[in-house]
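> Below are the structure tokens for one structure; questions will follow.
The values are calculated or read from the model by the stated rules, or taken from the named source; none is laboratory data. Note that the structure is a prediction, hence the values are computed from the model and not measured. Methodologically, a virtual Cβ is constructed for each residue, glycine included, from the backbone with ideal geometry; neighbour enumeration extends over all protein chains shown. All accessible areas refer to the heavy atoms of the entire protein, side chains included, with ligands and DNA or RNA removed. Shrake-Rupley method; radii C 1.70, N 1.55, O 1.52, S 1.80 Å.
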Amino acid sequence: MDVLENYTGHVDPEGPAARRTLDALTITKISVGPMDNNAYLLVCRSTNEALLIDAANDYERLSDLFGHIPNRPRLRTIVTTHQHADHWQALGALAGAHGANTVAHELDASVLPVPPDVLVEHGDTINVGEVPLSIIHLRGHTPGSIAVLYEDPSGHPHLFTGDSLFPGGVGKTTSADNFASLINDVEDRLFAVLPDDTWFYPGHGDDSTLGKERPALAEWRARGW
């Protein structure tokens, strides 16, 4: 698989993956499946252990991210950000092929095709190799939607938001109460505590930063979506 090293936050369906290299880990983004789902492979540079966020689709393409050389990354963990089926079509196959632990929030776990090995809650920490990642529960898109945060000690934070936050608004909700829950959590648990240079990686489409989106928060709340 072709992997571009000039990371911009944009990848094309069926196109090359894109890799961002940080001091402690690499982040590789790829678009898979008919709904242009983003999947993110995080690899600890010290241990070569890997964590995948959303085994959304295209088992073969996701497998190609690891390569075929002897020192390829070892997939230890697969995190599912929420229960919607477009985010877990390759979960069972990848977990089975690699013996990876699966991670999800308890409130979304019963819908997944593979019972999670690890159930997480708001404030929990998981690891990819030696790199800690924080779990943020964002209620509203689904009951158990989560985001995954890496606070880079030598750079800005990196936030994987699933379908809870996109450039231009929060994720889809099915009621006014669910929207209120999601916009409140996004404001209180993301924008209120993380800096403007936090780079976020959504479940579909291009990346953005909290600073770029922050001026529109009041508009999102007023329009109700």
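> For the chain, state the semi-axes of the equivalent ellipsoid (square roots of 5 times the eigenvalues of the alpha-carbon gyration tensor), sorted largest first and rounded to whole angstrom.
Each semi-axis is the square root of five times an eigenvalue, giving 26, 19, 17 Å.
> Shifting gears a bit: How much length would be gained if the chain were fully extended between Asp117 and Asn6, taking 0.36 nm per residue of separation minus their Cα-Cα distance, in nm to one decimal?
36.5 nm
> Then there's this: Pairing the Cα long axis of helix 176-185 with the longest principal axis of the chain, what angle in degrees results, from 0 to 90 and rounded to the nearest 10?
70 degrees
> Compute the distance in nm between two label points, each set 7 Å from the Cα along the Cα-to-Cβ direction, one at Ala97 and one at Leu22.
Distance between label points: 2.6 nm.
> Determine the relative contact order of the chain: mean sequence separation of Cα pairs under 8 Å and six or more apart, normalised by residue count, in whole percent. Let's see the in-between values first.
Working: 535 pairs, mean separation 32.2, N = 225.
About 14 percent, as a whole number.
> If packing is taken as the average number of other Cβ atoms within 10 Å across a peptide's residues, how do 107-116, 194-203 rank, most packed first?
The densest-packed peptide leads the list: 194-203, 107-116.
> State log₁₀ I(q)/I(0) for segment 21-149 at q = 0.14, 0.19 Å⁻¹ as given by the Debye formula over alpha-carbon point scatterers of equal weight, solvent excluded.
-0.55, -1.05
> Quote the charge dipole size of segment 8-96 about the Cα centre in Debye, to the nearest 20; the model charges only the Cβ of Lys and Arg (+1) and of Asp and Glu (-1).
Charge dipole, segment 8-96, about its Cα centre: 420 debye, nearest 20.
> Once the piece of chain linking Thr47 and Asn71 is laid out straight, how much longer is it, given 0.36 nm per residue of separation minus the C-alpha distance between them?
7.6 nm
> Going by average Cβ neighbours within 10 Å, how do the peptides 170-177, 186-193 rank, with the highest at the top?
Going from most to least packed, we get 186-193, 170-177.
> What's the carbon and sulfur percent of the chain's accessible surface, probe 1.4 angstrom, rounded to a whole number?
50 percent
> Moving to a separate point now. Of the beta bridges DSSP finds with both residues in the chain, what % are antiparallel, to the nearest 5? Let's see the in-between values first.
Details: 33 of 50 bridges.
Of those bridges, close to 65 percent are antiparallel.
> Still on this model: Could you state the number of Å between the C-alpha centres of segment 30-80 and segment 192-225?
25 Å
> How many Å² of accessible area per residue for the chain, probe 1.4 Å?
Ligands and nucleic acids excluded, the figure is 43 Å² per residue.
> Using a simple charge model, +1 on the beta-carbon of Lys and Arg, -1 on the beta-carbon of Asp and Glu, nothing else, what dipole does the chain show about its Cα centre, in debye to the nearest 20?
I would put it at about 100 debye.
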